[in-house]
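The values are calculated or read from the model by the stated rules, or taken from the named source; none is laboratory data. Treat the numbers as computed from the prediction; the structure is a model and nothing was measured. Cβ coordinates were reconstructed from backbone atoms using ideal geometry, including for glycine residues, and neighbour counts include every protein chain displayed.
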Amino acid sequence: MTASNINGVTIVGGHTRQNVGIAVNYASSQSNLAAEYGVQGYYVYLRSPAGILNIERNSIIATWSGNTYREAQGNLVIDELTDSTNSKVYRLRLVEPILGRYNSNMAPFPVFNVGMDISVPSTAPQTSVLLQDLFMASTISEELYPHVGNNNGRVLTDAFYIGDSRTMPGMVVTRPNNTHIVHIVPEPDMQVSTAVRQTLLGVSSPWQTYNWDTGNTIVNVNPQAEVEYRVTLANRTGMPVDNFYTLIPIPKAGLSADGGSGLLQQSPFGWSLTVAEQPEMDHSANYEVLFSEQYALEATTADFEPWGVIPPENIRTVMLRNEEPIPIDSEVELIIPLELGADVDLANDCRSINAWSAMVFRSILGVVSNYTVSDPAAVRLRSSFVEGRVYLDENANGVLDANESGINGVVVRAHDSTTEALIHQTTTNATTAIL
């Protein structure tokens, strides 16, 4: 028996390769004359090396002479075993297929094929796996093939040592030669992080990323401040990324960049921001920045133009994309200057929050990754607010000295000066004691 059809398959971490096929055929051997006229019934072993790949059980299908065999149809028996490396092995029992050189019409018996979907975890390392460590076949009857020919192997490694007496040395089995390889490529981890900050009177706040679950951290924006949105890209895939883009929505009051799907934001934008000037980036990197008057979840669903074509107040999406393959470990930063939209009403929009993510697309080796989203960023419009640091003034000079540290976990409350009603309260930050 010989096996083929899987050579050179490349599977990317975090993805599934569907319909991977193996063809099992007869290989002649002078010491197996009985097999010239057909041997019926085979075990097929499919192994999933732990931490490397996984053969999806419900996808396994076998075909022979026009017949289809599936576990769900009740005509394919699959046993789940574990080998000595703690890897999962599926044993398929196929009783009908016959392999041999000649049938009753002196013509070769048809091959039988086994198909499956193979998934690779996102944590899988870059490696190559020999097909002989994924697949093995043997006859069901121990009385057939009493001798081993040149085209059959019987030296079994731990890869298929599953405690089954039929897989011990001396039993006739087929394992493909070492020219058949499955290549595993790490998940294309094109890291994309987003953050916002404000600058008021020449003082910039820290860059902040938002967390949907905890509600931290929101940047409180003074109407007189400059607001910046930052996108940082880092190629951590271990190889060049051949295609990448990210779509960054610009908030417009009452609208949803994702059409209300919840993919990029949990609620419509509360107030408008406008691109204040042409975004800044490291132009030594081969990236292009384009703009659209539409919100878009894919680059092909909107018309994009270079800076200067669309009035800044009409820009709803900024796209950053590569023009050439992105080198390994390269990083680039894009900063989009923003300002309050002309339609902002401080009386009504004050304390309203904009929280949103960017859409990210990437591909590697021509294998398209699923679309993903960046971490969100959030800004809240404040007409006035108090910020500062709570600290122990050890020398009572009214100044935060270098040797005086902040006090964490202090609750600070703001009350109306006339009614003394509580307006807002917060707790000093767990790391810097900043409000």
Pro306 buried (at least 17 other Cβ atoms within 10 Å of the Cβ) and in contact with a Leu (Cβ under 7 Å, 6 or more places away or on another chain): no
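This table checks each residue for (1) part of a strand (DSSP E or B); (2) surrounded by fewer than 19 Cβ atoms within 10 Å (Cβ to Cβ); (3) under 17 Å from the mean Cα position of the chain (by Cα).
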{"residue": "Val192", "(1), (2), (3)": "yes, no, yes"}
{"residue": "Gln198", "(1), (2), (3)": "yes, no, no"}
{"residue": "Pro206", "(1), (2), (3)": "no, yes, no"}
{"residue": "Tyr210", "(1), (2), (3)": "no, no, no"}
{"residue": "Asn216", "(1), (2), (3)": "no, yes, no"}
{"residue": "Ala234", "(1), (2), (3)": "yes, yes, yes"}
{"residue": "Gly238", "(1), (2), (3)": "no, yes, yes"}
Region 364-398, residues that are assigned to a strand (DSSP E or B) and at pLDDT 75 or above: Thr372, Val373, Ala377, Ala378, Val379, Arg380, Leu381, Arg389, Tyr391
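Residue-by-condition table, conditions (1) hydrophobic (A, V, I, L, M, F, W, C); (2) assigned to a strand (DSSP E or B); (3) in contact with a strand residue (DSSP E or B) (Cβ under 7 Å, 6 or more places away or on another chain); (4) not assigned by TED's automatic domain parsing to the domain that holds Gln265:
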| residue | (1), (2), (3), (4) |
| --- | --- |
| Ile310 | yes, no, yes, no |
| Ile328 | yes, no, yes, no |
| Val332 | yes, yes, yes, no |
| Ile335 | yes, yes, yes, no |
| Leu338 | yes, yes, yes, no |
| Ala347 | yes, no, no, no |
| Arg351 | no, no, yes, no |
| Ala355 | yes, yes, yes, no |
All positions within region 254-303 that are among the small types (Gly, Ala, Ser) and surrounded by 14 or more Cβ atoms within 10 Å (Cβ to Cβ): Ser256, Ala257, Gly270, Ser272, Ala276, Ala285, Ser292, Ala296, Ala299, Ala302
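The rows are residues; the columns are (1) in contact with an Asp or Glu (Cβ under 7 Å, 6 or more places away or on another chain); (2) modelled with pLDDT under 90; (3) among the aliphatic types (A, V, I, L, M).
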| residue | (1), (2), (3) |
| --- | --- |
| Ala62 | no, no, yes |
| Tyr69 | no, no, no |
| Ala72 | no, no, yes |
| Leu94 | no, no, yes |
| Arg101 | yes, yes, no |
| Ser104 | no, yes, no |
Per-region count, region 399-421, residues farther than 30 Å from Thr194 by Cα and at pLDDT 75 or above: 10
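Taking region 296-340 as the region of interest, how many residues are within 19 Å of Pro251 (Cα to Cα) and either in contact (Cβ under 8 Å) with a residue 24 or more places away in the chain or not polar (S, T, N, Q) (or both)? First the steps, then the outcome.
Going through region 296-340, the residues within 19 Å of Pro251 (Cα to Cα) turn out to be 296-299, 301-305, 307, 310-320, 334-340.
Narrowing further to those that are either in contact (Cβ under 8 Å) with a residue 24 or more places away in the chain or not polar (S, T, N, Q) (or both): 296-299, 302-305, 307, 310-313, 315-320, 334-340.
Number satisfying all stated conditions: 26.
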